[in-house]
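Only one structure is covered here, and it is reproduced in the block below.
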2 protein chains.
Amino acid sequence: MTPARIAAAVAAQRPLVQRLLDGVAEIGADPPGITRDAFGPGENQAQALVAEAARGLGLVLASDAAANLAMTWPGADRSAPRLMIGSHLDSVLHGGNFDGAAGVLAGLAAIAALRGLGLRPRQDITLLATRCEEAVWFQLGLIGSRAALGLLPVAALGLPRTGTGRSLADHIRDCGGEPEALAAGTRLIEPATVRAFLEVHIEQAPQLVEADAAIAVCTGIPGNIRHPRIRITGEDAHVGLPRRFRRDAALAGADLALALEALWREEEVAGRAMACTIGRFHTLADRHAMTVVPGGFEMSLDLRAYEAGHLAALEQRLHGIVARIAAARGVTIDLGERNAGAVGQMDPGIRAGLADAAARLGIAQHPLGSPASHDAADFAAAGIPTGMLLVRNRNGSHNPHEEMETADLMAAIAVLAVWLAEAGCEAA
Amino acid sequence: MTPARIAAAVAAQRPLVQRLLDGVAEIGADPPGITRDAFGPGENQAQALVAEAARGLGLVLASDAAANLAMTWPGADRSAPRLMIGSHLDSVLHGGNFDGAAGVLAGLAAIAALRGLGLRPRQDITLLATRCEEAVWFQLGLIGSRAALGLLPVAALGLPRTGTGRSLADHIRDCGGEPEALAAGTRLIEPATVRAFLEVHIEQAPQLVEADAAIAVCTGIPGNIRHPRIRITGEDAHVGLPRRFRRDAALAGADLALALEALWREEEVAGRAMACTIGRFHTLADRHAMTVVPGGFEMSLDLRAYEAGHLAALEQRLHGIVARIAAARGVTIDLGERNAGAVGQMDPGIRAGLADAAARLGIAQHPLGSPASHDAADFAAAGIPTGMLLVRNRNGSHNPHEEMETADLMAAIAVLAVWLAEAGCEAA
């Protein structure tokens with residue numbers, strides 16, 4: 001089967017892809033942007049739409065204890081380690097339509113194309129639509145894939161969801177899952193049974209626009225350290241308090257934000273890729289006022305890097321910066337809860353295979369470290385050989401202006417289909 | 001009448017002072033701290049308590065169109081320019097008991113002492129309990145005194161109150177005032193009819209603790225420029241967006257806060273007193289999330305100085321800083337509404353008289369610029385000779401830990417009473 005024939009079969013699936021993209025957009029419509037709430041109506045309806053399309057392709061559906069949806073194209077040898085592809089169906093609040101969902105639809109289209117060519121898999125090919133990849137819902141990301149791979153801390157089941165305030169356990173149960181079965185370390189997917197995991201995902205920055213390439217073969221996924229709720233405590237005081245007496249928690253927060261940005265700049269200059277994001281950064285709504293020196297401040301922190309050693313070094317730097325600012329401002333800085341996401345190593349063989357497929361298809365490809373975390377990182381952390389394709393996006397992600405040319409997505413699907421055909425299919 | 005006799009008569013009023021302090025504390029009890037809401041039950045009940053005590057002293061009560069309460073001890077010559085004393089009865093949210101109320105009670109106690117000595121005023125002595133001095137209620141301070149002196153912008157009548165969302169006009173009407181009569185420039189108090197205005201107020205910083213003095217004769221009240229709601233607009237973006245693409249509104253806010261603090265430090269070194277407070281400083285609660293680079297940010301600003309020229313120069317510096325940060329961060333910074341409070345010059349003759357009275361009473365006094373704004377600033381701005389006494393406070397104001405020794409307040413009342421006796425009383 002030549003790459004060109006596979007590419008033509010993929011191109012024929014463009015109406016399916018467009019119909020599904022439109023379908024999930026309609027489900028998530030929440031101007032400005034798209035909201036598909038995790039373990040809620042948005043994600044549920046998107047899952048139902050995808051399930052219906054999968055049934056139409058003859059795939060075998062199964063829902064696991066975390067309510068992830070597995071859609072399997074059964075292979076000739078059902079006991080052989082399977083190939084998995086997939087991504088997530090939830091979104092952030094008022095985000096874009098492609099972050100997550102495009103990767104699930106890509107898997108459907110690739111399978112449809114290969115089936116249409118009369119191929120059949122030598123082993124199972126399972127398309128996985130994971131739950132709740134976005135951290136906005138429970139202040140913890142990658143929940144579906146973590147749960148599937150036994151990486152979810154049990155305590156996470158008690159986390160309250162944004163918008164509803166109800167626990168993750170309750171939400172999982174509502175969606176047909178079994179939270180009781182999600183004891184930490186219990187694997188719903190046994191890594192030894194998976195030969196490879198591939199994820200297609202929109203790029204979350206305009207680096208492919210800069211590079212003038214439709215897609216990227218991902219070179220690595222950063223690990224992260226997250227503090228969802230850092231609390232700074234100084235002292236509320238009258239606007240008339242002279243500077244020398246003040247213990248201004250907001251200025252301590254400003255110090256911390258800018259010190260971390262300076263650290264990032266320094267690391268960039270040294271050629272060590274990292275990122276630092278402070279998404280929530282605020283005085284306390286029930287206490288702050290124009291004429292009160294703020295004694296309370298809260299902020300979130302997401303710190304990421306591509307190597308475990310680098311991440312650990314950055315965390316040490318963070319602790320030093322925090323101690324210095326707390327002393328200088330006369331405030332206490334409590335970093336609070338700490339969540340860590342493992343660095344996701346991309347498998348060299350898969351990377352080479354994807355790059356080779358792109359080259360043979362004549363598709364412009366540019367190797368790129370993913371700046372964002374992804375479900376794929378959990379599969380890599382579980383020891384499963386993992387690869388990712390990133391799709392060009394002019395306007396960044398997690399915002400209503402996220403943008404993906406369907407042609408670029410079709411290019412990624414073609415590469416995915418070629419890879420699947422060569423790695424795991426045969427003539428029927 | 002010797003200062004010593006007046007001091008003894010004031011000391012005899014300590015039970016009255018304590019009873020009234022306890023009374024307003026009970027009215028405002030709102031743990032942690034005290035809340036007496038302006039143009040609401042807290043301020044109304046405190047006004048009623050004070051009115052009852054004033055009636056007990058035989059004072060003549062009158063409420064004006066802004067629902068300020070005037071309590072007059074009629075003089076021998078009722079047409080002569082009167083002496084006014086007073087302060088406010090509202091508080092911030094969860095503030096202390098003394099900010100404002102102590103000055104009103106001080107006036108009652110001084111009058112009670114002078115009456116007890118058989119003195120009578122040559123002209124009216126009016127104790128004024130103003131409304132809504134605190135800016136937290138309508139994002140605009142000194143509302144009662146501004147209204148009384150024709151300094152209230154008409155547009156302020158439409159401002160919504162914290163907590164109720166109802167307009168200032170509605171609140172004034174509820175409290176028996178006549179908002180329709182408060183056209184800008186219409187004076188409820190004609191400055192030419194007032195010979196002097198004196199305010200006793202708790203200090204809002206621990207400078208008198210540092211100076212080991214019970215009271216301060218105030219040397220000046222700063223004017224201020226306020227921007228209640230500065231809006232910074234960048235672009236919401238995914239946590240994975242590399243630094244070079246980001247337009248982070250929160251980091252622009254951090255830049256602005258720290259640049260203004262650096263300006264303050266610089267001015268201090270140069271010996272030019274000022275203050276800068278950013279009380280509200282926050283990402284947007286309906287959009288911010290741990291994994292979204294914040295594209296929106298809001299903050300308040302209160303900038304103050306003791307000379308009009310200095311304040312104007314600082315405002316120019318502010319505009320320069322804002323332009324520089326907006327360009328560097330790729331964001332827009334909209335300063336929004338601008339409110340200005342005039343610099344309050346203290347009358348040299350009154351300052352000397354108060355200092356002299358303190359010296360003759362043997363009361364430790366330390367001259368101090370008020371770091372905070374006060375009703376007295378409006379009287380000074382209206383051209384009325386104005387003076388202030390500040391009372392020692394270990395823990396700053398606008399917080400639940402505000403602290404005043406009753407002995408220190410009694411010292412201020414003694415100075416006030418001596419000044420009133422010598423400036424405007426005679427034997428009955």
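The values are calculated or read from the model by the stated rules, or taken from the named source; none is laboratory data. All of these numbers come straight from a predicted model, not from anything done at the bench. Cβ coordinates were reconstructed from backbone atoms using ideal geometry, including for glycine residues, and neighbour counts include every protein chain displayed. The accessibility values were calculated without ligands, DNA or RNA, using every heavy atom of the protein model including side chains. Shrake-Rupley method; radii C 1.70, N 1.55, O 1.52, S 1.80 Å.
Computed values, structure above
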read-out	value
Cβ-Cβ FRET estimate between B:Asp334 and B:Ala181, R0 fixed at 30 Å, reported to 0.05	0.30
Estimated D of chain A in µm² per second, where Rh is the Kirkwood radius over Cα pairs and Stokes-Einstein applies at 10 °C, 1.306 mPa s	71 µm²/s
Isotropically averaged projected area of region B:223-341, using the convex hull of Cα atoms (one quarter of hull area), nm²	7.4 nm²
Inter-part distance where region A:287-324 and region A:406-428 are each reduced to a Cα centre, Å	43 Å
For residues of A:387-399, the mean tally of beta carbons on other chains within 10 Å	3
Solvent-free Debye scattering, log10 I(q)/I(0), computed from the Cα coordinates of region B:60-149 at q = 0.20 Å⁻¹	-0.94
Inter-copy separations for B:Pro41, label at 7 Å along Cα-Cβ, nm, ascending	3.8
Helix-only CD estimate at 222 nm, as mean residue ellipticity for chain B, using -39500 (n - 2.57) per DSSP H run (n ≥ 4)	-11500 deg cm²/dmol
A versus B: buried accessible surface, summed, Å² (probe 1.4 Å, to nearest 100)	5300 Å²
Acute angle (nearest 10 degrees) that the helix A:249-269 long axis makes with the longest principal axis of chain A, alpha-carbon atoms	50 degrees
Distances in nm from A:Val209 to the matching label points in the other copies, shortest first (labels 7 Å along Cα to Cβ)	5.5
Farthest toward positive dipole pole in region A:223-341 [+1 Lys/Arg, -1 Asp/Glu at C-beta], among A:Gly296, A:Gly279, A:Gly223	A:Gly296
Inter-label distance, nm, simple model (7 Å from Cα along the C-beta direction), B:Leu258/A:Asp30	3.4 nm
Cα-based helix-to-principal-axis angle, B:406-424 vs chain B, degrees rounded to 10	60 degrees
Percentage relative contact order, chain B, counting C-alpha pairs under 8 Å, at least six apart	23 percent
Alpha carbon convex hull of region B:285-428, projected area averaged over orientations, nm²	13.9 nm²
Those residues of region A:71-93 whose amide nitrogen sits under 20 Å from the label point placed on A:Arg360, 7 Å along Cα→Cβ	A:83-85
Solvent-accessible heavy-atom area per residue, rounded to whole Å², over region A:219-294 at 1.4 Å	32 Å²
Prolate/oblate/rounded call for the protein assembly as shown, Cα gyration tensor, a/c under 1.5 rounded	prolate
Share of alpha-carbon pairs per 10 Å distance bin for region B:99-239, given as whole %	9, 29, 31, 20, 8, 2, 1, 0
Solvent-accessible surface (1.4 angstrom probe) belonging to B:Glu26, in square angstrom, nearest 10	150 Å²
Surface accessible to a 1.4 Å probe, B:Cys425 within the full protein complex, Å²	10 Å²
Accessible surface of B:His398 - all protein chains present, 1.4 Å probe, nearest 10 Å²	10 Å²
Label point 7 Å beyond Cα along the C-beta direction, distances from A:Thr193 to other copies (nm, shortest first)	9.1
Solvent-accessible area, 1.4 Å probe, carbon plus sulfur percent, for the protein assembly as shown	52 percent
Top of B:Leu114, B:Leu105, B:Leu256 by mean-square fluctuation, Gaussian network on chain B, Cα under 10 Å	B:Leu256
Rounded to 10°, Cα long-axis angle of helix B:308-329 versus longest principal axis of chain B	20 degrees
